[in-house]
Amino acid sequence: MTVIPRFNLTMAWLMVTFTALLLASQVSSQEMLYEHLMAQLQACPKECRCPPSFPNAVYCDNKGLKRMPVIPPYTLYLYLQNNLIDVLSADALRNATQLRWLNLSRNKITSEGLEVDALRVMPNLVHLYMEDNLLTSIPSPLPARLEQLRLSQNRISKIPAGVFSGMDHLTLLDLQGNKLQDDAVTEVSLKGLSNLVQINLAKNQLNSMPLGLPPTTSQIFLDSNNIEKIPADYFKGLPKVSSLRLNRNKLGTGGIPKNVFNLSSILDLQLSHNQLTEVPIISSGLEHLYLDHNKIKSVNGSDICPTPAGDLDEYFDESSPRLRYLRLDGNDIKPPIPQDLMMCFRLLRAVVI
């Protein structure tokens, strides 16, 4: 007769018990997920769609809605764009505490139509789209976990002090197409954006380069303003700028200090539709340069080439100019492209002239 040691019997019993508990836990978890799914589908507003294949999303877009329906619990993604909603309702969002993505673009929401607790009931919100509404100020208080805030095509003329306090998760701020003037975009009004990466202030009413941008900012979009000059030390506090767009402003060569764009971080520089008469000095790391539709009459490779003096035939290593795309059309420059320009920028893949 075989005798099984008591220790082995104990271990075997523990393993059986653990396996049973694990299976019970999995079944319980599956049942819970099923219950959540059924609750979500049953609570789906009659005006909306809640597809079983995407059970945490509620689609109420393009329905001509004048007010928000009551949003069911467990909703993570809510689409309400292209409606006639004029009030952001706290009651409608009361159960949507897990909401991460809210699209309210192209509605009729005013700043007065933002109910006090409407944003507070969404502590987990990460993306907020309120483009093309009737807002006159930044919504407040913003959810602390917000990463992207898109408010383009509104009527925003002010950024209240402290509105971004504690917003250290926000990486993208889109304020394109509003009514912001110089006194609205300041170090005080932007305080709290400690991790901002992209800011879009295009199509506003700025006469000067905006002040107070966080040092983390790498993408700055300022197209279609009235900017005439750039301070010589403007980028001193912006060491990570990689993309700068200043198309359709009023920049002349006199408003651009000699080395203001000679930044090691910058990869994309857009100065189209301005009043430049000369090609500005650029860094060797720049990859895309847009200078079309200015008043430039000639381009001299020896003047703008960012390489050290010496034989260009022998100068081709990792530190050589990285320019790959150059637009010069819409100026007074006549082809052909100067040979010294091509000798300097040997990585050029496209030149529009």
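With +1 on each Lys and Arg Cβ and -1 on each Asp and Glu Cβ, and nothing else charged, work out how big the dipole of the stretch 79-176 is about its Cα centre, in Debye to the nearest 20.
Values: 9 positive and 10 negative charges, 13 e Å.
Approximately 60 debye in magnitude.
Straightening the chain between Lys191 and Ala232 buys 12.4 nm, computed as 0.36 nm per residue apart minus the Cα-Cα spacing.
Using Cα pairs closer than 8 Å and at least 6 residues apart in sequence, work out the relative contact order for the stretch 202-284, in percent.
On the way: 166 pairs, mean separation 23.1, N = 83.
Once divided by the residue count of the stretch 202-284, the mean separation gives 28 percent.
Pairs of Cα atoms nearer than 8 Å and 6+ residues apart set the relative contact order; for the stretch 55-176 it is 19 percent.
Considering every pair of different Cα atoms, what Kirkwood radius, in Å, is found for the stretch 120-172? Each step should come with its number before you reach the end.
Details: mean 1/r = 0.0873 Å⁻¹.
About 11.5 Å, per the Kirkwood formula over Cα pairs.
With the convex hull constructed from alpha-carbon coordinates only, the stretch 221-353 shows a mean projected area of 7.6 nm² over all directions. When the pairs Lys236/Lys258; Lys250/Lys297; Lys229/Lys295; Lys179/Lys295; Lys258/Lys295 are compared against a 25 Å limit on Cα-Cα distance, Lys179/Lys295 fall above it. Positive end of the dipole of the stretch 149-201 (Cβ unit charges, origin at the Cα centre): among Leu172, Ser157, Ile199, the Cα lying farthest that way belongs to Ser157.
Here the stretch 114-158 and the stretch 55-102 have alpha carbon centers that stand 14 Å from each other.
Considering only protein heavy atoms and a probe of 1.4 Å, how much of the accessible area of the stretch 63-156 is carbon and sulfur, as a whole percent? Can you show the working numbers first?
Values: 1730 of 3930 Å².
Solvent-exposed carbon and sulfur of the stretch 63-156 make up 44 percent of the total.
Computed over the stretch 60-194, the range of Cα coordinates on each principal axis works out to 40, 26, 22 Å, biggest value leading. Across the options Leu271, Phe221, Ile282, the greatest Cα extent toward the positive end of the charge dipole of the stretch 221-294 (unit charges at beta carbon of Lys, Arg, Asp, Glu) belongs to Phe221.
Averaged per residue, what accessible area in Å² does the stretch 233-279 show with a 1.4 Å probe, protein chains only?
Numbers: 2190 Å² over 47 residues.
I get 47 Å² per residue for the stretch 233-279.
The values are calculated or read from the model by the stated rules, or taken from the named source; none is laboratory data. Being a predicted model, the structure only gives us computed values, none of them experimental. Please note: Cβ atoms are built from the backbone with ideal geometry, for glycine as well, and neighbour counts cover all protein chains shown. Heavy atoms of the whole protein, side chains included, go into the accessibility calculation; ligands, DNA and RNA do not. Shrake-Rupley method; radii C 1.70, N 1.55, O 1.52, S 1.80 Å.
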